[in-house]
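Bear in mind these aren't lab numbers, they're just calculated from the coordinates by the rules spelled out. Note that the structure is a prediction, hence the values are computed from the model and not measured. Backbone-built Cβ (ideal geometry, glycine too); neighbour counts: all protein chains shown.
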Amino acid sequence: HQAKFPQSIDQFGLNLPSGLGEWLQKLCAFQPSDRPESADAALKAFAELITTPPIVEVEVPQTPDLLQLKEGDTLKNRYEIQACLGKPGSFAVAYHVIDRWNDQEQVLKLVYRDGRSRHRRLIQEYQILFKIPEHLHIVKCLSADEIPGEEPIPYIVFEYVKGESVDHWLERRDLTLQDIITLARQVAQGLNHIHHHGVYHQDIKPSNLFWTEQGVKIIDFNIAAFQDETAPMSAGTRRYLPPGLFVVNLVSDDIVTGK
């Protein structure tokens, strides 16, 4: 004769200690020689089972490198990366994305570093763009949010338009006099619009001007300020600062390198 359970309790998926079924089977064995030597031995074996934590394999999600996202990667299960737009800047990186919720092409700007406060920097940029009425030569802001985590990463979403920054345009072609006049006129129109609404961009330079089929668009308002702000200008790019301007607490990498 042989006393044997038709099915071990280990097979019921009850999250019981591993080996408990074998212990029960041994305890109930028909032959005395197959059982524990004594009650103390059985209790000792049982105590070892219930005090040894079960080994549970937990899949740890990998945090993506926000500066090296590739085509096909997604953020917040919504924004599908198409390409990185240019090189990461001093504080942020921009990606061409598809918004899966509306199947629209957009630009997502991640603020990944800021010595002061990346949230404050992005919120200020969003508030400024939100309050400026839409204009042909000003980039259109759509929304802003953050990627949750131990240190949430804020981002801002813009319209996507095909084109290239004016600094690349300058490198790749000779400008005609008409090109220069058109560029200057459109930048002046955009600046006049934001100045009329009490905003100063503070960092107008070729890399912050985007040339499109509809004309130039002024982008990157991350150090822009409202007219009534009294704090001194604290960032910018040295070669494009107004002559004689006194700048304190220089924080831009562009200033450090003198670009």
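How about region 71-169: which chymotrypsin sites (Phe, Trp or Tyr not before Pro) there lie in a loop by DSSP and see at most 13 other Cβ atoms within 10 Å?
Numbers: sites: Tyr79, Phe91, Tyr95, Trp101, Tyr112, Tyr126, Phe130, Tyr155, Phe158, Tyr160, Trp169; in loops: Phe91, Trp101, Tyr112, Tyr160.
Qualifying residues, ordered by number: Trp101.
Assign one of three labels to region 102-154, namely rounded, prolate or oblate, based on the Cα gyration tensor with a ≥ b ≥ c the square roots of its eigenvalues; rounded applies when a/c is under 1.5, prolate when it is not and a/b is larger than b/c, and oblate otherwise. Write down the numbers at each step before the final one.
Numbers: a/c = 2.60, a/b = 1.45, b/c = 1.79.
Taking the square roots of the gyration eigenvalues as a ≥ b ≥ c, region 102-154 is oblate.
Run down the lysines and flag those whose C-alpha is under 22 Å from the C-alpha of Lys44, throwing out any fewer than 8 positions away in its chain.
Straight-distance partners of Lys44: Lys26.
Treating region 167-239 as a set of equal point scatterers at the Cα positions, no solvent, please give the Debye-formula log₁₀ I(q)/I(0) at q = 0.15, 0.23 Å⁻¹.
After summing over all Cα pairs, the log10 values are -0.57, -1.12.
Determine the gain in length on full extension of the stretch Arg185-Gln227; use 0.36 nm per residue of separation and subtract their C-alpha separation, reporting nm with one decimal.
Numbers: separation 42, 0.36 × 42 = 15.12 nm, distance 2.27 nm.
Taking Arg185 through Gln227 to full extension adds about 12.9 nm, to one decimal.
Which lysines, if any, have their Cα less than 27 Å from the Cα of Lys205, not counting same-chain residues under 8 positions apart?
Lys87, Lys109, Lys131, Lys140, Lys162, Lys217, Lys259
Report the label-to-label distance for Asp65 and His168 in nanometres (one decimal), using points 7 Å from each Cα along the Cα→Cβ vector.
With each label placed 7 Å out from Cα toward Cβ, I get 2.2 nm.
Using the beta-carbon distance between Glu48 and Asp103 and R0 = 45 Å, what value does 1/(1 + (r/R0)^6) give for FRET efficiency, to the nearest 0.05? Mind showing how you got there, number by number?
Values: r = 58 Å, r/R0 = 1.29.
Computed FRET efficiency for Glu48 and Asp103 comes out at 0.20.
Is the shape of region 134-213 rounded, prolate or oblate, going by the alpha carbon gyration tensor and its root eigenvalues a ≥ b ≥ c, with a/c under 1.5 for rounded and a/b larger than b/c for prolate? Intermediate values should be presented prior to the final figure.
Numbers: a/c = 2.54, a/b = 1.65, b/c = 1.54.
It is prolate, given that a/c is not under 1.5 and a/b is the larger ratio.
Under the rule a/c < 1.5 gives rounded, and otherwise a/b versus b/c splits prolate from oblate, where does region 89-246 land using the Cα gyration tensor?
Working: a/c = 1.64, a/b = 1.19, b/c = 1.38.
Here region 89-246 falls in the oblate category.
List the trypsin sites (Lys or Arg not before Pro) within region 168-213 that DSSP assigns to loop and that have no more than 16 neighbouring Cβ atoms inside 10 Å. Could the numbers behind the result be given before it?
Details: sites: Arg172, Arg173, Arg185; in loops: Arg173.
The qualifying sites are Arg173.
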